[in-house]
Structures are given as C-alpha cells and as structure tokens.
1. Quick one: is residue 77 surrounded by 12 or more Cβ atoms within 10 Å (Cβ to Cβ), in a helix (DSSP H, G or I) and out of contact with any helix residue (DSSP H, G or I) (no Cβ under 6 Å at 6 or more places or on another chain)?
2. Within segment 89-105, which residues are surrounded by 10 or more Cβ atoms within 10 Å (Cβ to Cβ) and either in a helix (DSSP H, G or I) or over 22 Å from the mean Cα position of the chain (by Cα) (or both)?
3. I need every pair where a residue in segment 106-117 that is free of Cβ contacts under 8 Å to residues at least 24 places away in the same chain has its Cβ under 9 Å from the Cβ of a residue that is part of a helix (DSSP H, G or I) and surrounded by 10 or more Cβ atoms within 10 Å (Cβ to Cβ), sequence separation at least 6 or different chains.
4. Which of the residues spanning segment 42-70 are touching a residue at least 40 places away in the same chain (Cβ under 8 Å), farther than 19 Å from residue 26 by Cβ and crowded, with 19+ Cβ neighbours inside 10 Å?
C-alpha cells in the first residue's frame, strides 16, 4: 500500500497546489491590496513556486504530460507574481496614509468614483 501511496502522492500534491492557488488568486484579486499581509503573501508565493517547480520536474521526468501542464501553469502564474512582491510590500506598510493613496490613485489616473476608502 505504501508503494501505491508514494506513486499517487505527486498527483495529490499537484491538484492540492492548483486548487489552493486558484482560491488564493481569487482572494488576492478581489480583496483590497491593503488586506494582504506582505510576509504571508510572499512566503506563500515562494513556497508554492518551489513546490510547482519540483512537481513539474517529477512529471517531466516520468513523461506525464497532463499533470506536468497543470504544475507548469501554476508555476508560470506564480512567476508572474514575483516582480510584484516588492510592490505589495510597499503598498501594505502601516505608514500608508490617505494622502499617500490619493497620490498613488492620481499617478494611476484612477477616477474618484473608483477609489474606495
């Protein structure tokens, strides 16, 4: 039984990774950025990226195309987040006041009606 569990473990891991990432992505995109905890956001992204890379290599080594595509897709999505980690950290610092947000909104040309407090 242990041998079977070991063979199935990467499949469980890739689907768990995918579901968790999909849920996180939905949450990250719908919640105000200020609600993110930068350390947790960064840690989760980096841990999931490491796991996705590892799983991609396992599936590639075993020539398992479909699960490899899933882990590769998650890996690509997480790699797209990497350049934004410093931005999330900067925007989520406690020192951000309303005047700072107004300046950010002005730079980004966000209309007044689209700004939420």
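1. On the way: surrounded by 12 or more Cβ atoms within 10 Å (Cβ to Cβ): yes; in a helix (DSSP H, G or I): yes; out of contact with any helix residue (DSSP H, G or I) (no Cβ under 6 Å at 6 or more places or on another chain): yes.
For residue 77, the condition - surrounded by 12 or more Cβ atoms within 10 Å (Cβ to Cβ), in a helix (DSSP H, G or I) and out of contact with any helix residue (DSSP H, G or I) (no Cβ under 6 Å at 6 or more places or on another chain) - is met.
2. Pass one, segment 89-105, residues surrounded by 10 or more Cβ atoms within 10 Å (Cβ to Cβ): 89-93, 96, 100-105.
Once the filter is applied, which keeps residues that are surrounded by 10 or more Cβ atoms within 10 Å (Cβ to Cβ) and either in a helix (DSSP H, G or I) or over 22 Å from the mean Cα position of the chain (by Cα) (or both), segment 89-105 yields 89, 90, 91, 96, 100, 101, 102, 103, 104, 105.
3. Going by the 9 Å Cβ cut-off, the qualifying pairs are 110/104; 111/105; 112/105; 114/105; 115/101; 115/102; 115/105; 117/101.
4. To start, the set of residues in segment 42-70 that are touching a residue at least 40 places away in the same chain (Cβ under 8 Å) comprises 42, 45, 55, 58-59, 67, 70.
Keeping just the survivors that are farther than 19 Å from residue 26 by Cβ gives 55, 58-59, 67.
Hits for segment 42-70 are 55, 59, 67.
Each reported figure results from applying straightforward, stated rules to the coordinates on display, with no laboratory input. Everything quoted here is computed from the prediction, not taken from an experiment. All Cβ positions, glycine included, derive from the backbone under ideal geometry; neighbour counts span all protein chains shown.
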